[in-house]
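The values are calculated or read from the model by the stated rules, or taken from the named source; none is laboratory data. What you see is a predicted model, and the numbers here were worked out from it, not measured in a lab. For neighbour counting, all protein chains shown are included, and Cβ atoms are generated from backbone atoms with ideal geometry for every residue, glycine included.
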Amino acid sequence: MTGLRKYEKPPQPSNRPSPGLLLKRAHQSQVVSSSVRLLLLASSFLGYAIVSLALIAVALELMCWPIWYVLPAQRQQGQRASPVYAGADWASEFWKEETLRQQTHKEYIPFRLWGVTKWNSKYINNDPGAGGVWRRTVNPANCDAPHRVIVWIFGGSTTYGTAVPDWATIPSYLSGDLNAASGNCVVVSNFGVEGYVTDQELILLVEQLKAGGHPHIVVFYDGVNDSALAWPTSGSPMAHPSFGTIKSRVEGTLSGRLDFLRQSYAVRVAYEVLAHLHQVASFSPLVSKAQPNVFAVVNNYEANLKIARALGDAYHFKLYCFWQPMLTYGKKPLVPFEQRMATADADGASVESAWLLTMASVYREEERRAAQSGEVVFLGTLFDSIREPIYVDEAHLGPMGNKLAAQAIASYIRDHPEK
């Protein structure tokens with residue numbers, strides 16, 4: 001056995017990494033650790049930035065919220081200051097109701113986009129009725145059905161009765177005037193909706209006819225809202241108010257997706273401030289650009305009335321169309337309150353003044369056409385001889401103004417039964 005060698009295992013490779021590999025791994029670990037730290041740092045910074053921006057946005061909203069509600073309050077305070085309310089013991093209580101009502105959200109209505117929101121209080125009542133919610137009209141308490149005359153009146157906020165109680169709207173005064181001079185019982189329905197133009201009113205008329213309504217007389221009372229569409233920034237002279245906003249939302253554009261930002265108080269206050277900082281020179285090109293829109297607006301208005309007349313022939317009702325007054329058009333002797341508004345509107349140093357200049361161009365064109373055709377009764381100069389206070393703002397009237405407008409409408413209807 002001495003000649004045999006003892007078996008020896010071959011040397012096994014060591015499991016310990018080499019110094020170079022250890023250094024490489026250590027470096028990689030340091031790189032990963034640094035990347036993680038940088039990522040965590042970036043995430044922390046981003047989170048801090050987002051939280052900071054959110055806090056700043058919240059702070060701005062909280063700061064601008066009272067400012068924004070002061071702005072309409074100031075405008076309403078201007079309306080309340082109108083001498084049309086002098087001596088009215090109901091005015092203070094009415095304006096509390098009106099302020100709350102105007103803060104309610106509009107409800108979406110198919111095709112017409114929005115309608116009248118249900119509201120009931122002492123002086124303002126929007127009641128559910130035929131085909132929607134409508135402002136209450138003061139009509140005769142008892143009306144014999146066989147001798148009832150049905151009158152529908154369409155229009156915007158002046159027809160609806162913004163800034164006056166139920167009894168002081170144009171439809172309520174119209175009912176009183178028509179019933180006072182008629183052997184029949186006249187029932188007037190107020191289909192006025194704040195912000196409506198004749199396109200929306202025409203759709204509303206069609207809806208009411210399709211629902212089975214049978215008016216004997218239909219009245220359109222318009223002017224201000226249709227004229228406003230001639231202002232170039234409205235988006236289209238043959239559209240509806242808020243055209244650009246609604247269009248971008250439907251199309252899903254970036255501006256439409258971010259449109260909610262416009263509803264923030266901070267952005268709305270910023271828009272108000274920027275609008276007041278503009279100089280008149282920046283609006284001059286827009287006023288010149290509006291001239292083609294003036295003709296487009298009037299053409300569209302008259303085309304709507306032509307369709308309404310065709311509906312009158314088909315559904316056997318008489319159509320009467322009236323173009324409403326506006327503070328900055330005509331030659332009314334202005335009381336100091338009205339004079340201050342007219343002077344501010346004529347200074348040419350704001351969007352509103354340039355906008356009203358454009359609207360006046362629409363008024364001039366419609367006055368010319370109404371005189372030629374005789375199909376529209378132009379009431380833009382109705383108050384030229386009235387020295388008493390009439391206006392609450394540039395378009396809305398107090399009780400006396402609404403009463404005079406209703407008298408003019410009733411007088412024309414009585415004198416032109418052949419329509």
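For region 247-268, filtered to residues that are loosely packed, with under 15 Cβ neighbours inside 10 Å and not in a helix (DSSP H, G or I), the residue that is modelled with the lowest pLDDT is 258.
Matching residues to (1) among the aromatic types (Phe, Trp, Tyr); (2) at pLDDT 95 or above; (3) within 15 Å of residue 219 (Cβ to Cβ):
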{"site": "134", "(1), (2), (3)": "yes, yes, yes"}
{"site": "137", "(1), (2), (3)": "no, yes, yes"}
{"site": "141", "(1), (2), (3)": "no, no, no"}
{"site": "146", "(1), (2), (3)": "no, no, no"}
{"site": "152", "(1), (2), (3)": "yes, yes, yes"}
{"site": "155", "(1), (2), (3)": "no, yes, yes"}
{"site": "161", "(1), (2), (3)": "no, yes, yes"}
{"site": "164", "(1), (2), (3)": "no, yes, no"}
{"site": "175", "(1), (2), (3)": "no, yes, yes"}
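Here residue 329 qualifies as in a loop (DSSP other than H, G, I, E, B) and either small (Gly, Ala, Ser) or buried (at least 19 other Cβ atoms within 10 Å of the Cβ) (or both). Being modelled with pLDDT under 95 and among the charged types (D, E, K, R) is a property that holds for residue 394.
Taking region 374-414 only, how many residues are in contact (Cβ under 8 Å) with a residue 24 or more places away in the chain and over 30 Å from residue 87 (Cβ atoms)? Total meeting the criteria: 7. If you check residue 410 against the conditions, is it buried (at least 18 other Cβ atoms within 10 Å of the Cβ) and within 26 Å of the chain's Cα centre (by Cα)? Judged against the criteria, residue 410 is not a match. Checked against (1) in contact (Cβ under 8 Å) with a residue 60 or more places away in the chain; (2) in a helix (DSSP H, G or I); (3) not polar (S, T, N, Q), residue 244 passes all but a single condition, namely (1).
For the residues 360, 342, the requirement of being at pLDDT below 95 and either assigned to a loop (DSSP other than H, G, I, E, B) or more than 30 Å from residue 152 (Cα to Cα) (or both) singles out 342.
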